[in-house]
Every structure is written in structure tokens, then in C-alpha cells.
1. What residues qualify as long-range amide H neighbours of ARG99, i.e. H under 5 Å apart, gap of 5 or more or another chain, H built at 1.01 Å from N?
2. Which of rounded, prolate, oblate describes the chain, given a ≥ b ≥ c as roots of the alpha-carbon gyration tensor eigenvalues and a/c under 1.5 marking rounded, otherwise prolate only if a/b is larger than b/c?
3. Which Cα, out of SER157, MET64, THR41, lies furthest along the positive dipole direction of the chain (beta carbon charges, K/R +1, D/E -1)?
4. Roughly what % of DSSP beta bridges within the chain run antiparallel, to the nearest 5?
5. Quick one: of LYS129/LYS184; LYS110/LYS191; LYS129/LYS185, which pairs are farther than 31 Å apart, Cα to Cα?
6. How large is log10 of I(q)/I(0) for the stretch 113-180 at q = 0.18, 0.19, 0.25 Å⁻¹ when the intensity is taken from the Debye formula with one equal scatterer per alpha-carbon?
Amino acid sequence: MRTSECDMVIVGVGGQGVILISDVIGRAAVLANKPVCGAETHGMAQRGGSVINHTRIGCRFSPMVASGGADVLVALEPAEALRFAQFLSPTGVALVNTRPVLPSTVTSGKAEYPPLQEILAPLRAHSRKVFAMDATALAEMAGSAQAMNVVMLGALSRHIPLSEDLILQALSLVVPPRFLEANKKAFALGKAEVE
């Protein structure tokens, strides 16, 4: 028995904007008069550590998404997609930014970042709906590499029960006006990437 309308797990590393995505979704759900709840873990986020957010639209019970219960997994960093893949339902959708955030062990030469295909293969074995995109490059095309998370929000908008108008209205409530136009372009590019 379903206890929500749509369950999402949004993951990344500190500074990538995981919390902004969940904030926009939460505000858009409120604007749509839908119950919404969420939970997040920051960990060592300020030092580039994992950030995970559970967001449930139309939720009646717990804010946490059960293992294997996420309709959508949004990963702002490829290794984080693999780290939290257990939350994705086999019928769910994975949206993965392919641009890694390299840890110091990789940049110092002490370790190697795994090839992208090695990260995506287990995801594709688990779910047939895996959309991998260089959201950072799309954000740069929109005029701001920092809008990578909004590219991913645009891709996510195709898979959740909220209208684009409400999501953009919510986005305008959290993004400073001087950055809004670049963020709207980033949103449109992300949405187009999964159409």
C-alpha cells in the first residue's frame, strides 16, 4: 500500500545544492496544496561529505523513504548515485549528473575515481530508467555552473506530480532575483534533457 504520491531521494556532496532542490519541491508542493515532508542528513557536508535528502509528496506517515521505495533518485554526483542506489525502486527513475566532485585522495593521486560506466552499470541493472547527463555543462550553457542543481531540478520536474509553473514560482522564492534568469534557463535545459 502506497503511503505517498511520490517519493524522492536527492543526494550529492556538500555545496552542490541538494537542500535547495528539496526546498523548492517542498514549497511547490505547499503551493499545490499537497502535503509534503522530508528529512535530510548533512554529515560532513561542509567538507565535501555526503548530503542526502528524503522528500515525500502526498505523504501520510514517515518522512523517510524506505529502501527500494524511491520513485526518483536524483544524484548531483555520480558516486553518490551508487552510494544511495538501494533507495531506488526497480520501477523508479535515476537522474545522475555525470560530472564528479573529486575527493582529495583522487586529486592527490592516492586513489582513482571509478570510470563512469562502472558507476552507472549497477544502476542500470537495478532500474531501466537511468538518465545520465552532464548537468554542470548544461548549467554553464545557461550562464552559471552553480545552477547545476537547478538543471537537475528541471530533469526531476518531468517525474513528479507538480506543475512546472508551481516549481518555477517556488524557485523564484529561494533564488536571489539577480540569478533567477540563469536558473530558469538551467531548469529548461534540464527538463529538455529528459524529454
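Bear in mind these aren't lab numbers, they're just calculated from the coordinates by the rules spelled out. Quantities reported herein were computed from a predicted structural model and do not represent experimental measurements. With ideal geometry, Cβ positions are generated from the backbone for all residues, glycine too; neighbour counts draw on all protein chains shown.
1. ALA135, THR136
2. Details: a/c = 1.56, a/b = 1.16, b/c = 1.35.
Cα axes put the chain in the oblate bin.
3. The one lying farthest along the dipole's positive direction is MET64.
4. On the way: 14 of 28 bridges.
Looking only at bridges with both residues in the chain, the antiparallel portion is about 50 percent.
5. Numbers: LYS129/LYS184 25 Å; LYS110/LYS191 37 Å; LYS129/LYS185 25 Å.
LYS110/LYS191, as the Cα separations exceed 31 Å there.
6. Rounded to two decimals, the profile gives -0.83, -0.89, -1.14.
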